[in-house]
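Data first, discussion second: the structure below is written as structure tokens.
The numbers here are math on the coordinates, done by the rules we state, and not lab data. If you're wondering where the values come from, they're calculated on a predicted model, not measured in any experiment. Because the Cβ atoms are built from the backbone with ideal geometry, glycine has one as well, and the counts that use them run over all protein chains shown.
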Amino acid sequence: MALSPGSALAIYPGSFDPITYGHLDLIERGSRLFGRLVVSILRNDKKQPLFDVEERMEMLREAVAGYPNVEVDSFHGLLVDYAARRGATAILRGIRAVSDYEYELQMALMNRRLQPDIETVFLLAGEAYSFISSRLVKEICGLGGNISGLVPPGVEARLRERAARDKA
Ligand code: PNS
């Protein structure tokens, strides 16, 4: 039986190192489109994240506390296998600029080939957030720049703490 969007489960996967207001905007809009939204962090031993998976999950949980149909999780291995195990019918991704498109298109087509039953759904980033990336936020904070308004306050505090610790 086909699921209506209102009852469908979607996975919003990513690194979220750390969550930004751009991610949160997508989560808020995704939570209105899908019955349940699972924000899930890839456990990737090859990447060198600033925050470990548990810290990133904590920050995500704090940020999505106001959305009752949003859950935070983590996964390893193939995204489509995880999505199928969770019973998801959609993968949610955001596109900020044309530069995101090529990478996202390639992943979406590959994921469709691997698991044709799961659709990738793209939302365009809100204009106010389209220039925000976790990488830039980390760089700016590490160099002493102002990151307020780019990430939730709890994330900002952790980033500052980390930058101070790295300097000491
Ligand atoms: O936020 P990111 O780092 O751009 O997210 C990338 C992510 C986690 C969505 C992507 O790397 C992924 O799905 N990795 C899981 C492994 C996998 O399924 N690889 C094949 C993708 S076609």
Restricting region 101-139 to residues that are in contact with a strand residue (DSSP E or B) (Cβ under 7 Å, 6 or more places away or on another chain) and hydroxyl-bearing (Ser, Thr, Tyr), which is surrounded by the fewest Cβ atoms within 10 Å (Cβ to Cβ)? 101
Flagged in region 28-58 as farther than 19 Å from residue 87 by Cα and within 10 Å of the chain's Cα centre (by Cα), in numbering order, are none
Being of a type outside the set (A, V, I, L, M), away from the ligand (no atom under 12 Å from the Cβ) and either crowded, with 21+ Cβ neighbours inside 10 Å or free of Cβ contacts under 8 Å to residues at least 12 places away in the same chain (or both) is the filter here, so list the residues in region 46-87 that pass it. 48, 51, 52, 54, 58, 61, 66, 68, 85
Residues (within 13 Å of the ligand (Cβ to nearest atom) and not in a helix (DSSP H, G or I)) located in region 102-124: 115, 118, 120, 122
Take the residues in region 88-101 that are of a type in the set (A, V, I, L, M, F, W, C) and in contact (Cβ under 8 Å) with a residue 60 or more places away in the chain, then tell me which one is nearest to the ligand (Cβ to nearest atom). 91
